[in-house]
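Only the coordinates and a few stated rules stand behind these numbers; no lab work does. Note that the coordinates shown come from a computational prediction; the quantities given were computed from them, not determined experimentally. No Cβ is skipped: glycine too gets one built from the backbone with ideal geometry, and neighbour counts run over all protein chains shown.
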């Protein structure tokens, strides 16, 4: 059956609005045989719109990846190593997530981080998490052009 693209897009938008679950593309540090690299995964999040910094809340969450002949496995290096990244919402900007009007402030918490495997290091995973934060902020800037800076503060 041939359906005009505009009809298909309308159907998808209507279905998403009805359930209040919307796709959110999130950069994550994914473990593979050669180490850790940034990979984009999709979460379904509740709400009618996405706030700046929302994807950062999902960078370090476990994500089950299909692995050939083994089922699914959590391959998120940050989740495996105990790394956390949290956007800081300021009182001045409220739920917009911006600190100081043009800066997204993020806490990179390594206080409970630990080594997991010899194939990749904790510091290598933390570096990829930083790249994920910058990638997420760059995506947010497309929707919120006022976002110009990212302030990543290390803890731990």
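The listed peptides 73-79, 22-28, ordered by packing as a protection proxy, come out as 73-79, 22-28 (highest mean of other Cβ atoms within 10 Å first).
Find how much the distance from residue 44 to residue 123 grows on full extension, using 0.36 nm per residue of separation minus their present alpha carbon separation; answer in nm with one decimal.
Details: separation 79, 0.36 × 79 = 28.44 nm, distance 2.93 nm.
The residue 44-residue 123 span can extend by a further 25.5 nm.
For residue 68 and residue 114 in the same chain, what is the full-extension length gain: residue separation times 0.36 nm, less their Cα-Cα distance, in nm? Don't skip to the answer; put the middle values down first.
Details: separation 46, 0.36 × 46 = 16.56 nm, distance 2.75 nm.
Length difference between fully extended and current span is 13.8 nm.
Along its first, second and third principal axes, ordered by size, the range 21-155 spans 47, 32, 20 Å in Cα coordinates.
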